[in-house]
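First the structure, in the form of structure tokens, and then the observations on it.
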There are 2 protein chains.
Amino acid sequence: MDSTQLLKGVLDAAVLAVLSERDGYGYDIVRRLREAGLEGVGDASVYGTLRRLFQSGALTSYVLPSDEGPHRKYYGLTPAGAQQLSEARDSWKAFSHTVQGIFDGARSAA
Amino acid sequence: MDSTQLLKGVLDAAVLAVLSERDGYGYDIVRRLREAGLEGVGDASVYGTLRRLFQSGALTSYVLPSDEGPHRKYYGLTPAGAQQLSEARDSWKAFSHTVQGIFDGARSAA
DNA sequence: CGCAGTACCGCGTATCACACAGTAGAGCGC
DNA sequence: GCGCTCTACTGTGTGATACGCGGTACTGCG
């Protein structure tokens, strides 16, 4: 199974969710997502998502120097981002419920 | 929210699930999926999915005449298809659990 | 005969995650 | 000082796939 396709439409929300806990920068977010179970997530995917979310106004960003490497570009949720997270969460809930229902309706390989 | 993206990676499994109940033809499957809650699913998406699944060996197909319209191309699961459904179901379970965990970890716009 | 409903395709498009490669700063060993 | 590794960010091209739109074709009805 290719969870790549499953990820679509969820990565945005996952990034927003992770950032709602606390601000973070790209490299850090990748780590956090992987620790959360999205093990296969590619770094380029996350950076791309961050750019998209930022451009759509869901995120703010500010750069801070680091003591162990190049500067870090931190991202945080805007109110619009928080709302988007909320909506994504609702969508996810409805969608996952629907899909679950379809699988439950299927008789097969227990 | 665009459930289009969420659908990716799930439509295959949804079609397999619906067919595990009983064989069906394209037009019918579209209706069944919509009734199951996937309201926005496009017919072309389903036909494309059926073709793909058939070519990958997950489905068999046979044509029957209809008394109220053109012929119908019925599809049914092969053993490989049943197994793919089973795997997809497992993937879904793990994935949805992970995503749920990420949303639960987020504090936000309750 | 035209029209609606059923049934099936094909083509072009958009989105999105990913692999891969490249840039760059900081600290380490030699 | 040089190369190496780790941290950190970015750009390009590719593949998968759902969708919109349009087209074909058969049936029954007025």
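Carbon-plus-sulfur accessible fraction, the protein assembly as shown (probe radius 1.4 Å, protein heavy atoms only): 49%. In terms of distances greater than 26 angstrom between alpha carbons, the cross-link table entries A:Lys93/B:Lys73; A:Lys8/A:Lys73; A:Lys8/B:Lys93; A:Lys93/B:Lys8; A:Lys8/B:Lys73; A:Lys73/A:Lys93 yield A:Lys93/B:Lys73; A:Lys8/B:Lys73; A:Lys73/A:Lys93. Region A:17-83 and region B:1-37 have Cα centres separated by 34 Å. With a 10 Å cut-off around each Cβ of B:89-98, the average count of Cβ atoms from other chains is 6.
Heavy-atom accessible area buried between chains A and B is around 3600 Å² (1.4 Å probe, both sides summed). Here the Gaussian network model covers chain A, with springs between Cα atoms less than 10 Å apart; of A:Ala17, A:Ala82, A:Ala94, A:Ala94 fluctuates the most. Under the criterion of Cα pairs below 8 Å and six or more residues apart, the relative contact order for chain A equals 26 percent.
Considering helices alone, the calculated mean residue ellipticity of the protein assembly as shown at 222 nm is -19000 deg cm²/dmol, with DSSP H runs of length four and up weighted by -39500 (n - 2.57) and normalised per residue. The residues of region B:1-38 listed by number as losing at least 30 Å² of accessible area in the complex, against the isolated chain and with a 1.4 Å probe, are B:Met1, B:Gln5, B:Leu6, B:Lys8, B:Gly9, B:Val10, B:Ala17, B:Ser20, B:Glu21, B:Ala36, B:Leu38.
Divide, for the protein assembly as shown, the radius of gyration over alpha carbons by 2.2 N^0.38 Å, where N is the residue count. Let's see the in-between values first.
Details: Rg = 20.2 Å, N = 220, 2.2 N^0.38 = 17.1 Å.
For the protein assembly as shown, the normalised Cα radius of gyration is 1.18.
Position B:Gly105: other-copy label points at 3.4 nm, ordered by increasing distance, label point 7 Å along Cα→C-beta. For region B:20-61, GluC sites (Glu not before Pro) meeting the loop criterion (DSSP other than H, G, I, E, B) and having at most 12 other Cβ atoms within 10 Å: B:Glu39. Each label was represented as a point 7 Å from its Cα along the Cα-to-Cβ direction; for B:Lys93 and B:Leu64 these points are 3.2 nm apart.
Here region B:3-105 is described by how far its Cα atoms reach on the three principal axes: 55, 28, 20 Å, from widest to narrowest.
Residues in region B:3-105 average 52 Å² of solvent-accessible surface per residue, probe 1.4 Å, ligands and nucleic acids excluded.
The values are calculated or read from the model by the stated rules, or taken from the named source; none is laboratory data. Worth saying up front: this structure is predicted, and the values here are computed from it rather than measured. Using ideal geometry, Cβ is built from the backbone for each residue, glycine included, and neighbour counts are taken over all protein chains shown. Surface accessibility is based on the protein's heavy atoms, side chains included, excluding ligands, DNA and RNA. Shrake-Rupley method; radii C 1.70, N 1.55, O 1.52, S 1.80 Å.
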